[in-house]
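This report refers to the structure that appears directly beneath it.
The values are calculated or read from the model by the stated rules, or taken from the named source; none is laboratory data. Not measured: the values here are computed from a predicted model. Positions of Cβ are backbone-derived with ideal geometry, glycine not excepted, and every protein chain shown enters the neighbour counts.
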Amino acid sequence: MKKLFILPLICILLTNCIGILDEDPKSFISKSNFYRNESDAFAALFGTYGTLGNSSFPTIWFMALLECRADHANGRGSQVPISNYSQPLDASNQVRAWNSYNEIYQGINRANAVLDNVPGIEMNEETKKIILAEAKFLRAFFYSNLVKYWGGVPLRDKEFTDFAQIAAPRESKQVVWDFIINDLTDAIPNLESSFPLGQTGRATSWSAKMLLADSYLNLENWQEAANIAEDVISNGPYTFVEINEPNDYNRKIYGADVISNSENIWSIQHSATNGNSIAQFLHRTQSGGYGIGGVFAWVPVMSSYLGTWDKNDFRQDYNTYTFTTAPSGQIIPLPSPSPLFKKYQDGTAASGAAHRNNIPVYRLPEAYLIYAEASARATNSVNALSVERLNAVRRRAYGFDPLSPSSVDFPSDLPLNQFIDLLIQERAYEFILEMKRWNDLLRTGKAKEVIEATGKVWSDVSYLFPLPVDEINNNPGMTEADQNPGY
Amino acid sequence: MKKRILKHVTYMTKLFTIAFLFQSISMSLLLANDGNAQVKSIEEVTVYLSLKDAKLERVFKELEKNTGYNFVFANREIRNLPTINLESRGETVYDVLLEIASQTDLGFKQVNENIHVNYSNRQRDKGTIKILSEDNVIVKGTVRDVNNEPLPGVSVIIEGTSTGTVTDIEGNYNVEVPEGGVLLFSFIGFERQRISIANRTNVDIILKEDARSLQEVVVIGYGSVQRADITGSVAQISSKDIDAFPVPNVQQALRGRAPGVRVIQNSGQPGSSVQVQIRGGNSFLGSNQPLYVVDGFPLAGGIDFLNPSDIASIDILKDASATAIYGARGANGVVIITTNKGKEGINRILVDSYYGVQEISKKFDLMNERQFAEIANELARNDGRPEVFDINNLPNINTDWQDEILQIAPIQSHTVTFDGGNKTSKYSISGNYFQQDGIVIGSGLQRGSIRVGLDQKVKDYLSIGTNIVATRQMTDNVNANNGHRGNGILSAAFVSPPTIAPFDEDGNFSEVNRYFFSPNVLQNPLLFAEIFNRTTSSNLLADVSVNFRITDDFSFKVIGGIEQGFLENDFYSPSVVRLTSPNGNASTSIIRNISYLNENILTYNKMIGAHKLNLVGGFTFQDFRSKDNRSSGSGFVTDLLLNNNLGAAQLTDPNFSDFSEWTILSWLGRANFFLNDKILFTGSIRADGSSRFGANNKWGYFPSGAIAWRLSDEKFMKNITWISNLKLRTSYGVTGSTAVSPFQSLNRLGVQRTTFGNNDAIGFVPEAVPNDNLKWETTEQFNFGIDFGVVDERFRLTADYYVKNTRDLLARVTLPGSTGFNSVLVNLGELQNKGFELGIWGDILINNFKWDAFGQVSFNLNNVINIGGSDVFGGGLSLPFGSPINIAREGQPLGMFWGFLEDGLNENGSIKFQDLNDDGVINNQDQTIIGNPYPDFIYSINNNFSYKNFDLNIFIEGVKGADMFFATGGSISNAFNTGENQLVDVYNDRWTTENQNINAAHPKISANTVFRSSNRFIHDASYLRLRNIKLAYNLPFSKWNIKGVSNAQVYISGQNLLTITSYPGLDPEVNTRGATGDLRIGIDETGYPIAKSYTLGLRIGF
């Protein structure tokens, strides 16, 4: 008889238990209840932008690899091997290259997720077009960084949701560039031409045009590159920022308080809560107002062009420093190594990862310099406008009006070779620590010569970064033979 | 129902020595009969009864019902006697018995209300009826053990009755016995004694210890059985072994105590995690930790919060027949912990205290100031830089940074236990304070705990019990493990230049990252101890059980319980730690875990003739919730507030919170059938439904079966008297492991922050590749074992061979990075563990000088059968290795070391790596398997010696044949790559431009010398360790006639005093990546070494 009261007890338990094994996540979103409205579409797009964050790509490791490979910086500590061109990267820097590669693809997958899922959302069609165009721009930007430094890579144009998609062969550089150009060509008509200040960092049609011009430059399609650069210069809403002293670069262009400026075409924005840690890599712990320093991992190479830089060029003074100033005003010389790089600084940062400096990707001077280079190369001769465009950038750096002749102008009758050398040099001065120099050396074939000129031993293994071993091991579309030479 | 038990008194007396718990219950039942004092003569009581062709059992049962007398007989004796006819119309019991006697030849003997059926002497006493209602006499005496120490709490029962008493604190008893009666003395852990009192009124007896008796009770899942009846592989560890020497937590007390159990202490840092592996690891991803069950409660987490002194016994379920009852959580074995319970009749106060000091057992032999300066200059010359030091003019600083961060550290523990009880209530209440400072400054642990265990018999058919453990534990952590190039306290102490004093002239922490070659992550080692990093865990484990006796055979138990853990972390890094927190950095976080449990278990026990049947069935429900919050900020004007006011931070980081939940529902059933007590069968099944798995695989079924044959009880073995036990066992079963975290099967999107303008925006991005088919890992285990005992169990042996196959292995399969994901979680592949384990126990000397010993050796072979054809790698290591060094490859043990083979030095002093694929370049394709992190076998030997009042314990433990990856060498044995101080060995035996010795152990000193994860860093980490040596003196208070103290012992002991190993690191036992839950095993990356310690202790009972 007593047994009878057990049964209801179990029954009560059971009725309470129906459906209890279904999972109901509360701290994240399941795909089945996402991609349903306009704000989901924006969230998916913003997540794709978020790839441009602060771990491997583009800062800090990708940038460390590009800047320490360039002739102007030596890696310090564990980054020493990046500036050693005579042998393959050591294991730890290979991992940094792999992680950069993987993060770029993470961004590509996020962009693909937008492109696959947002079209099905019922929302304002105009807004939808803009979102899809921005995703295509981002995908193109991600691929451009792969193709520049790893060579041809696998192409993925669908979100990865199923194992069946796992195989993807390594494509040629040309196929990847074509894909990039195709994405950009699709995106440009649908992109917004400008955003309000608070939306700085979102891609406009001008951002896409800069990337397109950059792509044509890399493909040596000079005429297209020149045409698009000219379009940006003539039709874009951008003007040079006026520079009257070295510190104007900090106050008006690169400084932590600058949200945007009149020459900013596209930048990766940072805030204190989504900061970057570049300053920590540049400065020492006692950085004297340059922000939270630390490991001073990138040391200027004075046997490069840095050693012969004209002191009247405001950029020379702005970009390196040899002493710090204590709050009392006392000058404290830097201990060895000296000088250090100065470009990114945030004196008010609360922690090493809280520097607010934005990372410029495309600025108006680059449109000028792309035009100058491409138009000269397209015609195989130096034309007046190309010299004028080069001079504009140079004049601004010396504090002159960019658009009026000045005492630092280059003559207009330079032979092409010399003109290109001066132009590439000007790009180095203008874009130091903006992730441009290494690509310039690679695409112009000057890498070996420039590196050897700084007294280092060159090996061809340094042309490309290694593909991740995991990519080769686990992608059925690839074999060992697909690895870059030397790895 | 009480009477029935009395009738089976012979059976029951055997049974009540089984378990302490059972003993208590049956004792209560027996003693509950005390009231029936008035006994009428059998010649006065009359009977009305009519039975035809009735079995004797039925006859006696009817008579009991009609008369109130109890019949005492053995079932098996009367089973085969002929049936009888009985007709009684008011005749006396005496006459009825005469009638029965005439039909059966049985004799009867009446003792008070009991009528003993005399079968064995029926030829002699044919048909006699004795009436023994003699006068009672008072018998007094003292019960002692062989050491002459009084034994309190011994049951003293008058044979054939329910009457009895228990001994008091001084071992004295006082009982009324019928003249010529027999007293039964019994006490758990001691041999039972049967004493005929004859005409004596004073009976002193000595009870002998019987710790290894076959009647020992072994707790298995949802029940318990006698050791003799075990069909599976179960190891038991007694409280004596658990608190044999100071251990900070219970897991460490398991080390070397049971065959097949490997305990890996990941690090010597107080509060660091300990891995327990039973019969090897089954899983890539899972912790491979066993399921811990404390007083019936299956825990969601570990058992760090328990005080080792509170443990009464630990039973380790190893084979599938034992663990399958825990279904989807049983695959890694089950550790069942029983806390101390009160005993009837004695109220005791026990104090257990020790104090000890710990120190490091080994330091690295590093370069001194001059050697460092020479090497630094050599680096500069070799790399084309100006020299740094004027060798002949060094400042004579010569700092050994290891001395700066090491300390002699106290360890202490104090436990007070109150326990006792009466017939209906028992209690055990204890409090403990434990404190351990680390041998590295800035680390340490404090714990306080209280425990309450209560049992109450409410009604004859109902008893209730509760167990509550509440603990608060504070751990101060210092960043020690997994450091490289000076970014942790140990790493910094190894690599900091001996040319720099700890403090500068102003008394500030000196800058050690001072030279052009210095590692850029290096900080002054002392700074790491300035960082406040405290973890406070508050645990509560509470359950209530209600036990109904529905009938004699049926009982039903309901348990309701709650496990609650709050894990707080407080962190503040002051501004003096300039490299990582120049403006101060603070965080506070709390994780709240709550688990509810309900179990409903029905048990059925039945004797069917000479066969026993035991059935268990039930339904359980357990729910887990975890909530996590973290806030942090940086930029503090003052360091005074620590992390107590995050509002004072200049910058507050985005908040973080998380919630997760999972539920498991289970049906379970088990049958034990004991055929003639010789052949034992066990079958069990559990059905588990777990929310963690994919939609297509919510329920799993886990069956098992086992057979054991007690050969020694067969007729043909009975004559071999020196064999006391010989049992063959075999079992097969299926268990599971829920190694997967909640929500893993879903297509998840996670938060990704980005910035536009100067404001952040939140996006959502794909976070995982979905997998609806995700399910538990299934482990099938076959076991064959033998139990063998000789000379009354004086020497015992248990040997087991097992094969475990785990399929549907949960693996995080690496994806090509181009997919946008690093990995995906799938059920893939198969892993095998097979092994052999042997345990030997012996009471080698048993007279005045006693020696008992336990030895065990365990072999386990692990083999990856199938992982879909491609290799799987573990996570990477710190610089200079970077890449993974553990590999899972088919046909190999899981997590073998993977790397390059060296071939001496080349003419430039660089390391020559072997070009295994002969393609002319050294690249990742030249890697191969370079070492095995698994031991060939592990072993331990425990010896207890005693002579008079002295006890000596010597406990040796060892591991043979395991390799270790000495990742610390990547910083301190790396040709001064980035200016780290080096082992003196590097200085002494290196390639130099002057002496271009290609056979030198160390290559050219240069920043460009390339190191890879090569066999250079693989070392044999076999060791033999004197885990404990302890000398104790038992103070003979009773001899000194000091009342009130029942026992007292003082001891001195030493732990880890001696380690024999060729391993070059500080400690061959560390496993610094052991807590990461991936393939990274056998790695020593600046592992916090295990200390040696000296302890002084006191145990005293009142």
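Summary of computed values
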item	result
Lone unmet requirement of (1) part of a loop (DSSP other than H, G, I, E, B); (2) surrounded by 23 or more Cβ atoms within 10 Å (Cβ to Cβ) for B:Val986	(1)
Test: residue in region B:533-541 that is of a type in the set (Gly, Ala, Ser) and farther than 30 Å from B:Thr338 by Cα	no
Members of region B:762-776 that are crowded, with 21+ Cβ neighbours inside 10 Å and at pLDDT 90 or above	B:Gly763, B:Phe764, B:Val765, B:Pro766
Test result for A:Phe296, within 14 Å of chain B (Cβ to nearest Cβ), of a type in the set (A, V, I, L, M, F, W, C) and over 17 Å from B:Gln650 (Cβ atoms)	yes
So A:Ala279, is it in contact with an Asp or Glu (Cβ under 9 Å, 6 or more places away or on another chain), crowded, with 19+ Cβ neighbours inside 10 Å and within 30 Å of A:Gln79 (Cα to Cα)	yes
Any chance B:Ile550 is of a type in the set (A, V, I, L, M) and surrounded by 18 or more Cβ atoms within 10 Å (Cβ to Cβ)	no
B:Asp713 at positive phi, among the acidic types (Asp, Glu) and more than 12 Å from every other protein chain (Cβ to nearest Cβ)	no
Enumeration of residues in region A:158-185 that are free of Cβ contacts under 8 Å to residues at least 60 places away in the same chain, surrounded by 15 or more Cβ atoms within 10 Å (Cβ to Cβ) and within 13 Å of chain B (Cβ to nearest Cβ)	A:Glu159, A:Phe160, A:Thr161, A:Glu171, A:Val176
Of residues in region A:26-47 being under 16 Å from A:Ala111 (Cα atoms) and assigned to a loop (DSSP other than H, G, I, E, B), the one nearest to the other protein chains (Cβ to nearest Cβ)	A:Phe34
Test: B:Arg692 is within 14 Å of chain A (Cβ to nearest Cβ), in contact (Cβ under 8 Å) with a residue 12 or more places away in the chain and of a type outside the set (Gly, Ala, Ser)	yes
Of residues in region A:232-274 being of a type in the set (A, V, I, L, M) and within 14 Å of chain B (Cβ to nearest Cβ), the one nearest to A:Ser351 (Cα to Cα)	A:Ala272
Which numbered condition A:Phe195 fails, given (1) buried (at least 18 other Cβ atoms within 10 Å of the Cβ); (2) farther than 23 Å from A:Met435 by Cα	(1)
Breaking point among (1) under 23 Å from B:Ile325 (Cα atoms); (2) more than 14 Å from chain A (Cβ to nearest Cβ); (3) modelled with pLDDT under 90, for B:Tyr732	(3)
Residue in region B:611-633 that is among the β-branched types (Val, Ile, Thr), in a strand (DSSP E or B) and more than 9 Å from chain A (Cβ to nearest Cβ) present	yes
Exclusive hit being more than 14 Å from chain A (Cβ to nearest Cβ), in contact (Cβ under 8 Å) with a residue 60 or more places away in the chain and within 30 Å of A:Ser271 (Cβ to Cβ), set B:Leu680, B:Leu646, B:Leu642, B:Leu675	B:Leu642
Criterion (at pLDDT below 80, within 21 Å of B:Ile346 (Cβ to Cβ) and in a loop (DSSP other than H, G, I, E, B)) met by exactly one of B:Asn121, B:Asn80, B:Asn148	B:Asn148
Residue count, region B:576-586 (criterion: assigned to a strand (DSSP E or B), in contact (Cβ under 8 Å) with a residue 60 or more places away in the chain and either at the interface with chain A (Cβ under 7 Å from one of its Cβ atoms) or surrounded by fewer than 22 Cβ atoms within 10 Å (Cβ to Cβ) (or both))	0
Strands (runs of 3 or more DSSP E) completely within region B:766-865 that count 3 or more residues being within 14 Å of chain A (Cβ to nearest Cβ)	B:810-814, B:823-827
Meets criteria (of a type in the set (A, V, I, L, M, F, W, C), away from chain B (no Cβ under 14 Å) and in contact with a Lys or Arg (Cβ under 7 Å, 6 or more places away or on another chain)) for A:Ile188	yes
Single residue of region A:234-250 satisfying the filter (surrounded by 16 or more Cβ atoms within 10 Å (Cβ to Cβ) and assigned to a helix (DSSP H, G or I)) that is farthest from the chain's Cα centre (by Cα)	A:Asp248
Among residues of region B:1004-1055, those that are part of a loop (DSSP other than H, G, I, E, B), among the basic types (Lys, Arg) and under 28 Å from B:Tyr987 (Cβ atoms), counted	2
Residues that are within 11 Å of chain A (Cβ to nearest Cβ), touching a strand residue (DSSP E or B) at 6+ places or on another chain (Cβ under 8 Å) and farther than 30 Å from B:Lys459 by Cα, drawn from region B:534-575	B:Ser573
Residue list for region B:453-498, filter: out of contact with any helix residue (DSSP H, G or I) (no Cβ under 7 Å at 6 or more places or on another chain), within 14 Å of chain A (Cβ to nearest Cβ) and crowded, with 22+ Cβ neighbours inside 10 Å	B:Asn487
Selection count, region A:327-349, where residues are assigned to a loop (DSSP other than H, G, I, E, B), in contact with a strand residue (DSSP E or B) (Cβ under 7 Å, 6 or more places away or on another chain) and without any contact (Cβ under 8 Å) to a residue 60 or more places away in the chain	2
Entirely in region A:369-487, the helices (runs of 4 or more DSSP H) that have 3 or more residues that are touching a residue at least 12 places away in the same chain (Cβ under 8 Å), within 14 Å of chain B (Cβ to nearest Cβ) and not aliphatic (A, V, I, L, M)	A:469-474
Check on B:Thr779, farther than 30 Å from A:Leu21 by Cβ and crowded, with 19+ Cβ neighbours inside 10 Å	no
Flag for B:Phe756 being more than 7 Å from chain A (Cβ to nearest Cβ) and modelled with pLDDT of 90 or more	no
Residues of region A:191-204 classified as within 12 Å of A:Leu138 (Cα to Cα), out of contact with any Ser or Thr (no Cβ under 9 Å at 6 or more places or on another chain) and at the interface with another protein chain (Cβ under 8 Å from one of its Cβ atoms), total	1
